[in-house]
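Worksheet: the structure to be examined is printed underneath.
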Amino acid sequence: KPDKRVFCPYCSQHLKTRPEGEVLRDYCEHCEKFFYDNPLPVVSAIVVDDRNVLLVKRKNDPHKGEWCLPMGFAETGESIEASALRELLEETGILGKIINLVDVVSGYSKMYGDLIFITYEAEQIDGNATPGDDAAEVRFFPFKEMPKLALASNTRAISAYLRSKQEYWAIIDSFSRSAGIAGAKGEDYLSDKLLRL
């Protein structure tokens, strides 16, 4: 667990504990101020190219040498969406655009304490996949051939993403199959017209 707070960051006095409602919190008697321990927000991005997902091999601990989504901590003064795009660019060299929110889940880290994992779907709009500051390697993997992911939150988010795309991909696949049949028989199906549109 992260180090326990001992001194007040404002006056340097030793902190006491005092109940606030039903919660026992750090308290500075000199400043008459409570201190709060809130979960840290961790952002990640799912970037997909032709049903291949972008993963990062971690360069540093925790989970050094393991694969995960491009991710990192949100910074004070930036939106959660901007944090996800910044981490994507820093770790992979890819400039992205947020498409939608995929998943939010609580978690715990021995190193950082309580966390909130927020995962977005993002579209690549520029750049090339190149390992950045915290990445040893960056690669697109077919969903069925992904390595084991370092974090359960990433696995959960990818499962949620795949569920959200299941019907859409089934429609696209049916169009492709219909187009193949139509081409063979010289016919023109509605799906062919939609594909051309």
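For the pair the range 46-85 and the range 1-25, the centres of their Cα atoms are 32 angstrom apart. Couplings 3J(HN,Hα) of the range 78-89, computed from phi: 10, 6, 4, 5, 5, 4, 4, 5, 5, 4, 4, 5 Hz, in residue order, whole Hz [Karplus 6.51 cos²θ - 1.76 cosθ + 1.60, θ = phi - 60°; x for Gly and Pro].
Taking 0.36 nm per residue of sequence separation and removing the Cα-Cα distance, the His63/Ser159 pair yields an extension gain of 32.5 nm.
Scanning residues 5 or more positions from Glu29 or on other chains, those with amide H under 5 Å from its amide H are Lys16, with H placed 1.01 Å from N in the peptide plane. Residues in the range 29-42 carry Karplus couplings, in order, of 5, 5, 8, 6, 9, 7, 10, 10, 10, 10, x, 7, x, 10 Hz; the curve used is 6.51 cos²θ - 1.76 cosθ + 1.60 with θ = phi - 60°, and Gly or Pro positions show x. Residues Met146, Met111, ordered by accessible area of protein heavy atoms at a 1.4 angstrom probe radius and largest first, appear as Met111, Met146.
The 3J(HN,Hα) values that the Karplus relation (6.51, -1.76, 1.60; θ = phi - 60°) gives for the range 122-139 are, in residue order, 10, 9, 6, 10, 6, x, 10, 5, 9, x, x, 4, 10, 10, 8, 7, 10, 7 Hz. Gly and Pro appear as x.
Report which label in (i) 1.03; (ii) 1.40; (iii) 1.26 holds the value of Cα Rg over 2.2 N^0.38 Å derived from the coordinates of this structure. Computed from these coordinates, Cα Rg over 2.2 N^0.38 Å corresponds to label (ii).
FRET efficiency for the Lys110 to Phe175 pair, using the beta carbon distance and R₀ = 35 Å, is estimated at 0.15.
So what does the Cα-only Debye profile of the range 43-97 read at q = 0.19, 0.27 Å⁻¹, as log10 I(q)/I(0), no solvent term? With no solvent term, the Cα-only Debye profile gives -0.65, -1.10. Highest mobility in the GNM of the chain, judged by mean-square fluctuation with C-alpha springs under 10 Å and restricted to Ser109, Ser12, Ser44, is found for Ser12.
Here the peptides 161-169, 98-106 are ranked by packing, the mean other Cβ count within 10 Å, and the order with the highest first is 98-106, 161-169. Taking all protein chains together, Lys110, Lys64 sort by accessible area into Lys110, Lys64, largest first [probe 1.4 Å]. The calculated FRET efficiency for the pair Ile99 and His14, based on their C-beta separation and a Förster distance of 35 Å, comes to about 0.10.
Once the other residues with Cβ under 13 Å from the Cβ of Ile94 are scored (Lys, Arg +1; Asp, Glu -1), what is the net sum? Don't skip to the answer; put the middle values down first.
Details: positive: Arg86, Lys97, Arg139; negative: Asp49, Glu87, Glu90, Glu91, Glu123, Asp126.
Neighbourhood net charge equals -3.
The values are calculated or read from the model by the stated rules, or taken from the named source; none is laboratory data. Every value quoted in this text rests on a predicted model; they were computed, and no experiment measured them. As a convention, Cβ positions derive from the backbone with ideal geometry for all residues, glycine included, and neighbour counts pool all protein chains shown. Each accessible area value is taken on the protein alone, full model and side chains, heavy atoms only, with ligands, DNA and RNA left out. Shrake-Rupley method; radii C 1.70, N 1.55, O 1.52, S 1.80 Å.
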